[in-house]
């Protein structure tokens with residue numbers, strides 16, 4: 001059995017780490033694994049698609065013409081030659097919306113050569129015209145035909161033209177022509193949404209949670225991060241994102257900073273615009289791919305906050321739980337699924353006073369009252385070995 005994964009990144013960021021981990025599982029089971037990627041690490045049996053110039057042209061055409069994923073012709077044709085050489089049994093699609101691949105050429109190859117396809121929903125792009133998320137805009141036109149897109153200038157923006165209806169119809173047409181299509185949601189929430197979409201007729205639709213490496217993300221007792229930052233006497237409230245924006249909750253963290261106690265400090269890991277001024281009780285640490293450092297910070301934190309209203313899974317929340325740190329999330333999209341009994345709190349409004357009350361509740365009880373439940377919930381639901389083996393069984397079922 002030969003499996004090719006296609007993802008925008010390899011070995012970096014959350015989906016890139018997941019791609020590597022699944023590839024290792026595939027090879028461990030005795031099958032052939034290949035990875036196609038645009039940015040990241042060159043690993044065993046990997047194929048880097050595209051170059052910076054072509055990607056910039058792709059991005060420009062997307063903005064001017066309004067279609068996403070319809071360019072990078074040359075690189076995609078080279079990829080098809082590569083596919084014909086290795087002849088994969090299954091093509092596993094992850095994130096394709098990063099200006100690096102021509103989805104039309106790819107889908108025509110898949111349909112013509114009757115390839116089995118696994119499609120993992122890391123966000124909503126595969127079943128909408130162009131949106132990676134839509135709940136904040138209260139738009140559900142993807143269930144019908146899209147058009148009049150309220151997010152035209154968001155995600156990968158279009159300057160003028162709204163091609164969302166055309167792109168959604170194209171996706172629907174391609175999916176119907178794929179003989180064996182398995183759709184995997186990374187949460188119950190996004191899986192149920194997919195069942196209402198153009199993906200509804202897929203051969204298989206099921207949920208497989210994103211996996212966490214529990215040997216790397218685990219409760220550490222030494223609090224090295226607190227010692228290194230001279231924060232031993234502080235109550236650490238942690239947030240993690242690749243890039244901090246209002247959509248990721250940056251504004252809420254700043255609002256929260258105004259009502260913190262003297263012994264409370266917010267740590268935000270991830271890139272923040274140089275134009276953004278932060279209060280003294282918010283410490284920013286640039287995005288890091290150092291897993292040991294991330295695990296140290298998760299373990300040192302007293303509380304994790306995910307203040308994003310739109311999450312298809314929320315891997316940082318799961319990583320926090322794996323390190324024994326309780327979390328607070330909004331009752332929106334996939335967020336509440338990750339908060340098992342005794343693992344933290346769920347917010348039912350955006351009122352800062354409710355957030356303050358939830359923080360106080362966890363603070364008074366102390367982290368130690370939550371840690372065992374957090375770790376157990378992560379072991380039961382997010383173990384990468386268990387979840388990646390579910391993909392192996394899925395591949396076998398698809399080929400049968």
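The residue 366 and residue 261 beta-carbon pair, evaluated with R₀ = 22 Å, returns a calculated FRET efficiency of approximately 0.90.
Under 1.5 on a/c is rounded, so check that first for segment 174-247, then, if it is not, pick prolate when a/b is larger than b/c and oblate when it is not; a ≥ b ≥ c are the square roots of the alpha carbon gyration tensor eigenvalues.
Working: a/c = 4.30, a/b = 2.71, b/c = 1.58.
Verdict is prolate for segment 174-247.
Counting only DSSP H runs of at least 4 residues, each contributing -39500 (n - 2.57), and dividing by the residue count of the chain, the helix-based mean residue ellipticity at 222 nm comes to -11500 deg cm²/dmol. Packing, as the average of other Cβ atoms within 10 Å across residues, places the peptides 196-205, 30-39 in the order 30-39, 196-205, highest first.
Annotation for residue 44 and residue 290: the two label points, set 7 Å from Cα along the Cα-Cβ direction, are 2.7 nm apart. Were the residues from residue 1 through residue 385 laid out at 0.36 nm apart, the gain over their Cα-Cα distance would be 136.3 nm.
Restricting things to Cα coordinates, could you compute the convex hull volume per residue of segment 81-151 in Å³?
Enclosed volume per residue, from the Cα hull, is 112 Å³.
Considering the zone a paramagnetic label at residue 169 would reach in this model (a point 7 Å from Cα along the Cα-to-Cβ line), which residues of segment 134-153 have amide N under 19 Å from it? Backbone N within reach: 141-150.
Once both labels are positioned 7 Å from their Cα atoms along Cα-to-Cβ, the gap between residue 139 and residue 229 label points is 3.6 nm.
What do you get for Rg/Rh of segment 224-381 when both radii come from the Cα atoms and Rh is the Kirkwood radius?
Working: Rg = 14.2 Å, Rh = 15.5 Å.
When Rh is taken as the Kirkwood radius, the ratio is 0.92.
What is the helix-to-structure angle for 291-300, meaning the angle in degrees between its Cα long axis and the longest Cα principal axis of the chain, kept from 0 to 90 and rounded to the nearest 10? Between helix and principal axis, roughly 30 degrees.
Report the calculated FRET efficiency for residue 196 and residue 247 (r = Cβ-Cβ distance, R0 = 41 Å), to the nearest 0.05.
On the way: r = 23 Å, r/R0 = 0.57.
It comes out at approximately 0.95.
Simple spin-label estimate for residue 216 and residue 24 gives 0.7 nm between the two label positions (7 Å along the Cα-to-Cβ direction from each Cα).
Rounded to the nearest 10 degrees, the angle from helix 352-365 to the longest Cα principal axis of the chain is 70 degrees.
Please work out whether the chain counts as rounded, prolate or oblate from its C-alpha gyration tensor, where a ≥ b ≥ c are the square roots of the eigenvalues and a/c under 1.5 means rounded, while otherwise a/b larger than b/c means prolate and anything else oblate? Taking the square roots of the gyration eigenvalues as a ≥ b ≥ c, the chain is prolate. Derived value for segment 1-114: Kirkwood hydrodynamic radius 14.3 Å. Basis is the mean of 1/r over every pair of different alpha-carbon atoms. Relative to the longest principal axis of the Cα atoms of the chain, the long axis of helix 52-65 makes an angle of roughly 80 degrees.
Taken together, the values in this text are just the output of simple stated rules run on the coordinates, not laboratory data. Please read these numbers as outputs of a predicted model, since none were measured by experiment. Neighbour counts are summed over all protein chains in view; Cβ atoms, including those assigned to glycine, are modelled from backbone coordinates with ideal geometry.
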